[in-house]
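Engineer: Below is the structure I would like to discuss, written out as structure tokens.
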Amino acid sequence: MTGGAGRAEASGERAVAAGGAIGSVQTGDHSTHVERATMLPAEALVIAPAGLVHLPERTRLFVGRARELALLDEGTGVQVVCGLGGIGKSTLVARWAADRAADHTVVWWITAETPAELDAGLADLARAMQPAVVGTLPEAALRERAVQWLATHDDWLLVLDNVSAPADLRPLLARVGDGRIVVTSRRASGWQDLARTVALDVLGPAEAAELFTGMCAADDGLDPLCAELGHLPLALKQAAAYCAEAGITPRAYLDLLAAYPAEMFARTAEDGEAARTVARVWQVTLDRLGDTPLAELVLRIIAWWAPEGIPRWLLDPVGTPLEVTEAVRRLAAHSMITLRDGTLNVHRLVQAVVRAEAGQATRLAREAAVKLLCGGVRGDANELIPHLRAHGEALAGHMDPADDDEAAAVLFQTVGLAFCMASTSGRALALCERAWRSQRRINGPDHPDTLAAAQAIAVVTGWGGGRAAAGMLSDNLADQMRVLGPDDRLTLHTRGTLAEMLRESDPERAEQLFRENAEYFHRTRGPRHPQSIRARYRLVHASSGGDLDVSALEEFVADAERASPEDPSLHDTLRQALSLKLVDTGETERALALSVAIIEESHHRYGAEDPRTLMSRAGEVAVLRKGGRTERARVLRDVLLEDCLRVTGDSRLTRMVRNLLP
């Protein structure tokens, strides 16, 4: 065909030329049938020159991340930067890619949250590389041209931002060549067959402060605000922009955040993107978890506890083992929580945002958080050491006291007693007083639970060294006698506690109180019941000034051994007393053998880290010291002291162990 604007020429046997789009061509013995063809201009075969760069606008604010930048530098092939939404994945990769752009012929950034966005980004790459094809080829063909170029070259860098699932990348990764691909994703798992991962954590305190002051020059309350925001870059930028525009200090922002959490989490700068506030950024992830409803419930529950060290077994009652495991797995896979040594950890700001939501779901999750902790306590304050004390205190801090029900009041009382055992009497007293006020509001002043809470206040006051404790406990005993009678379980317990408190200051009254309890248990339980033995031992110990001889202690031990299935702690207490007395009579080897037996049984019964096992080890140190074997005692004391500090912190037990030797 010749002439006209659509002129085309062809030469050679069976050649075909077309000056425009044609509907059908067929030629040759082994012909190819083409239903529709599009003519490409000659310049369509020209690839864009080197130096093609498409990246987000370079941010002026960038701090820290030296380790992660180095890991990206060391990487090859495909790398995935993963972490919680708002932690700064895209910012990190954008900075790294911009600084290394000169090392690559083509640097291209694609927002790839969905497969459709990935395809569109590849098509845009083809347009940028070959502008002549714009308006000529359909999207699918453009995408294919980009993939073919990537497959046949290796001097390029492709950034795929905010990828939702590893499976979305498999078709592309199966075809491309040896260039560099860096992915950002909230998905923390599923990459093992495709790429190496770089897990991104929050900023350090100094880096968080630097990021904030880069946007707002203020320091009043800066460190507390950064800590409250969990050093999360997105939250820091949101707060700094707000402070700068409103002309307020970080401390004022912190006050607003405490008073209006839901509103402040949703606030952004005047021209800020509403979808990039901490109130919205994690909703995308939760939407993806919609097919696992228990995952959201678990997140809502753990939002009320301490952010770290949440035992997985606490969540057992919320579903079947498979359901709970699946909920935890999916939360971890999407970076909403992290897993470590059998515990769950969650960013404190994720917790705060979840708690700030109004509505029935939040209320039900709070009630579930209370009940699950109550179940974890198992009725004994010792069970809170070292596992649940922090979670109980965190729950109390997040809840309005007006929302306390009976379960919460009992829990906070138990947590308070546990803090008292750890010799943090100020926190213990605050929790016990809160429990008493809540019980009084709910049940009135004479309810047994209210009287028990009042007793706890007196006990905590006494353990903290308060001189008014004995008077408080005496008044409390009078109230219990009036309301409950002399033989009620609570009255008996308070009477024994008051007697112990009065041993030195008023030994006569202490002995009388011990006698009343001993007579009651002897009359109602019989002489061989563990409670009768314990009450009789306390009475004899008080009346003898603590100087029982070996034969008397051996008789008590024999009685307790028969009763030990019901009260093994009594048997241990009496054997410890006997071992120390044996040293006085020169039977040190027998005393040591008895101490070792107590340790072994306690270890088997309670576990190595239970405070009762640690206490039994302290008994062996005391026997060695008393028997003159100071060096051996010091070696065992030092090891025990390290274990006590690790398990119970600077507790009453830890200080007792420290004072066993000078």
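Read-outs: derived from the displayed coordinates by stated rules, not from any lab. None of the values given here were measured: they were computed from a predicted structure. Reconstructed Cβ throughout: ideal geometry from the backbone, glycine too, with neighbour counts over all protein chains shown.
Engineer: D for the chain, whole µm²/s, Stokes-Einstein with Kirkwood Rh over alpha-carbon pairs at 25 °C and 0.890 mPa s: what number? Please list the in-between numbers first.
Structural biologist: On the way: Rh = 30.8 Å.
Stokes-Einstein gives a translational diffusion coefficient of 80 µm²/s.
Engineer: Something else: Kindly express, to the nearest 10 degrees and within the range 0 to 90, the angle between helix 89-99's C-alpha long axis and the longest C-alpha principal axis of the chain.
Structural biologist: 50 degrees
Engineer: Run the quick spin-label model on residue 251 and residue 639: label points 7 Å from Cα toward the beta carbon, then report their separation in nm to one decimal.
Structural biologist: 5.1 nm
Engineer: Still on this structure, I have one more. Pairing the Cα long axis of helix 293-302 with the longest principal axis of the chain, what angle in degrees results, from 0 to 90 and rounded to the nearest 10?
Structural biologist: Around 50 degrees separate the two axes.
Engineer: Give me the lysines in straight-line cross-link reach of residue 581: C-alpha distance below 20 Å, same-chain residues under 8 apart excluded.
Structural biologist: Once the sequence-local lysines are set aside, what remains near residue 581 is 626.
Engineer: Could you work out the helix-only [θ] at 222 nm for the chain, with each DSSP H run of four or more residues adding -39,500 (n - 2.57) and the total divided by the number of residues, to the nearest 500 deg cm²/dmol? Intermediate values should be presented prior to the final figure.
Structural biologist: Details: 29 runs with 368 residues, N = 662.
After summing the helix terms and dividing by residue count, I get -17500 deg cm²/dmol.
Engineer: Working from Cα positions, state the angle (0 to 90°, nearest 10) between the long axis of helix 469-483 and the longest principal axis of the chain.
Structural biologist: Once rounded, one gets 80 degrees.
Engineer: Still on this model: If the reach is capped at under 19 angstrom between alpha carbons, list the lysines near residue 237, excluding any in the same chain fewer than eight residues apart.
Structural biologist: Answer for residue 237, where 19 Å is the Cα cut-off: 89, listed by chain and number.
Engineer: Could you run the Karplus curve 6.51 cos²θ - 1.76 cosθ + 1.60 with θ = phi - 60° over the stretch 652-662 and give me ³J(HN,Hα) per residue in whole Hz, x for Gly and Pro?
Structural biologist: The phi angles translate into 4, 4, 4, 5, 4, 5, 4, 8, 5, 9, x Hz.
Engineer: Using the per-residue mean of other Cβ atoms lying within 10 Å as a proxy for protection, in what order, highest first, do the peptides 235-242, 425-432 fall? Numbers along the way, then the final one.
Structural biologist: Details: 235-242: 24.6, 425-432: 20.9.
Ranking, from highest mean packing down: 235-242, 425-432.
Engineer: Hey, another quick one. Among 595-606, 488-499, how do they line up by average Cβ neighbours within 10 Å per residue, starting with the highest?
Structural biologist: For the peptides 595-606, 488-499, the packing ranking is 488-499, 595-606.
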